[in-house]
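Asks: Dropping the structure in here first, questions after.
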Amino acid sequence: MASQSKSLPHLTSSKLFLTEAGIETTLIYKRNIHLPSFSTLPLLSTEGGTEALVSIYRDYINVALAHSTGIVLETRTWRGSPSWASELGLSIPQILDLNRAAVNLLQDLRRESQTPSTPIAQENYRSQVHVLAEEGVDMLSIMTVTNLNEGIAAITVAREFNLPIHVSFSIEIDGRLRGGRTLDDVIREVDRLTENYTTYFGVNCAHPRHIMTALRDLPEDVRLRIGSIRGNASLKSHEELDNTLVLDRGDVSVYVGEFCGLLNLLPELKVVGGCCGTDEEHLEALISLVELDFNERWTDKLLMKFGLISSSKVTEQFFKIGADDTYHDENGWRW
């Protein structure tokens, strides 16, 4: 028997995988798209045709994700051999190039969708979570999540062990996840696919200024799902930090001032802290910034104090403080 160079996940999974439904009939009867000789291959020669295929593929992928299983997708290469070139109005080089395009399309979708939401990755999480659950952890937390599928994989396993879970996304300096998705998009989609199982979401590994960029236009119902913020000390991008040879602790007063602007946007915030570059000085500054009456919501009572000289313009933007509203204590704090 010939050896196989690749380990195919559906051959080793304990769960049945899905495959496709009737793409051709969907295209013809639901999308009103003509298929010459019932072949979808020519669609890859146009932008609109490719987008239609990607849309259907993604619908199939989302069904698989929602049920925590994998999916086997097929290239659109039926009737893609050279003998069909003239029938499809293509030259032989053109039909072979479309075969290449068909493979590349699925490779792109796999990179986008496969990551730790596949059954293999869930198995990896499962063995770890099993140990953590046996030892009595109170809650699971997955940090610095960069895509929807990674979060779904962890949530699925947390649910199996009946453990609460906190899912925290990492964003870039433009306020979006790597790859361009928004917090609004990923939080809604994760909740939809996991029946709102996540205890609360978070944002971490970004400076509070960049987190504000992500939150500023976020609908209220999504902001209510965010319970944790852990900000980087540095304003640098992830790429810049990866190439930094010295610790960048940032400016603590700027860090805290920008953090202040986040608080009133997140009425269900439960936990605040630091991420890369922060230390106990940043934590001390944070707890000095906000003192809570835990019998009331933050929207009902928010006490702030910040440095008289180094207060942030962002703080002033969100919390208007007039001369009649302030006094200075013996330590120079303005209230």
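Asks: Checking T278 against (1) buried (at least 20 other Cβ atoms within 10 Å of the Cβ); (2) assigned to a strand (DSSP E or B); (3) not aliphatic (A, V, I, L, M), which single condition isn't satisfied?
Replies: That leaves (2) as the condition not met.
Asks: Go over the candidates E160, E123 one by one and state the one that is at pLDDT 90 or above, open to solvent by 20 Å² or more (accessible area, probe 1.4 Å) and of a type in the set (D, E). Give the derivation first.
Replies: Numbers: E123 fails: at pLDDT 90 or above.
On inspection, the qualifying residue turns out to be E160.
Asks: Another question, if that's okay. Report the residue count in region 46-86 for those that are of a type outside the set (V, I, T) and under 21 Å from N32 (Cα atoms).
Replies: The initial filter retains those residues of region 46-86 that are of a type outside the set (V, I, T), namely 47-49, 51-53, 55, 57-60, 62, 64-68, 70, 73-74, 76, 78-86.
Filter once more, keeping what is under 21 Å from N32 (Cα atoms): 47-49, 51-53, 55, 57-60, 76, 78-79.
The qualifying residues number 14.
Asks: Please list, ordered by first then second residue, the pairs with beta carbon atoms under 9 Å, 6 or more apart or interchain, first in region 31-49 and on the phi > 0 side of the Ramachandran plot and surrounded by fewer than 19 Cβ atoms within 10 Å (Cβ to Cβ), second assigned to a loop (DSSP other than H, G, I, E, B) and basic (K, R).
Replies: Listed pairs, sorted by first residue: S37/R79; F38/R79.
Asks: In region 56-109, which residues are assigned to a loop (DSSP other than H, G, I, E, B), among the basic types (K, R) and open to solvent by 50 Å² or more (accessible area, probe 1.4 Å)?
Replies: First pass over region 56-109, keeping only residues assigned to a loop (DSSP other than H, G, I, E, B): 67-70, 72-81, 85-91.
Those left that are additionally among the basic types (K, R): 76, 79.
Passing the criteria: only R79.
Asks: Collect the residues in region 133-157 that are surrounded by fewer than 16 Cβ atoms within 10 Å (Cβ to Cβ), more than 17 Å from the chain's Cα centre (by Cα) and of a type in the set (A, V, I, L, M), keeping them in residue-number order.
Replies: Listed by number, the residues that qualify are V137, M139.
Asks: Tell me which residues, restricted to region 181-215, are among the basic types (K, R) and either under 14 Å from I226 (Cβ atoms) or touching an Asp or Glu at 6+ places or on another chain (Cβ under 7 Å) (or both). Talk me through it step by step, then tell me what you get.
Replies: So in region 181-215, the residues among the basic types (K, R) come out as 181, 188, 192, 209.
Within region 181-215, R188, R209 qualify.
Asks: Scan region 175-191 for residues that are surrounded by 21 or more Cβ atoms within 10 Å (Cβ to Cβ) and either of a type outside the set (A, V, I, L, M) or over 26 Å from V254 (Cα atoms) (or both) and report the count.
Replies: Selection size over region 175-191: 3.
Asks: Report whether or not G257 is modelled with pLDDT of 85 or more and at positive phi.
Replies: Values: modelled with pLDDT of 85 or more: yes; at positive phi: no.
The answer is no for G257.
The values are calculated or read from the model by the stated rules, or taken from the named source; none is laboratory data. Being a predicted model, the structure only gives us computed values, none of them experimental. Using ideal geometry, Cβ is built from the backbone for each residue, glycine included, and neighbour counts are taken over all protein chains shown. Heavy atoms of the whole protein, side chains included, go into the accessibility calculation; ligands, DNA and RNA do not. Shrake-Rupley method; radii C 1.70, N 1.55, O 1.52, S 1.80 Å.
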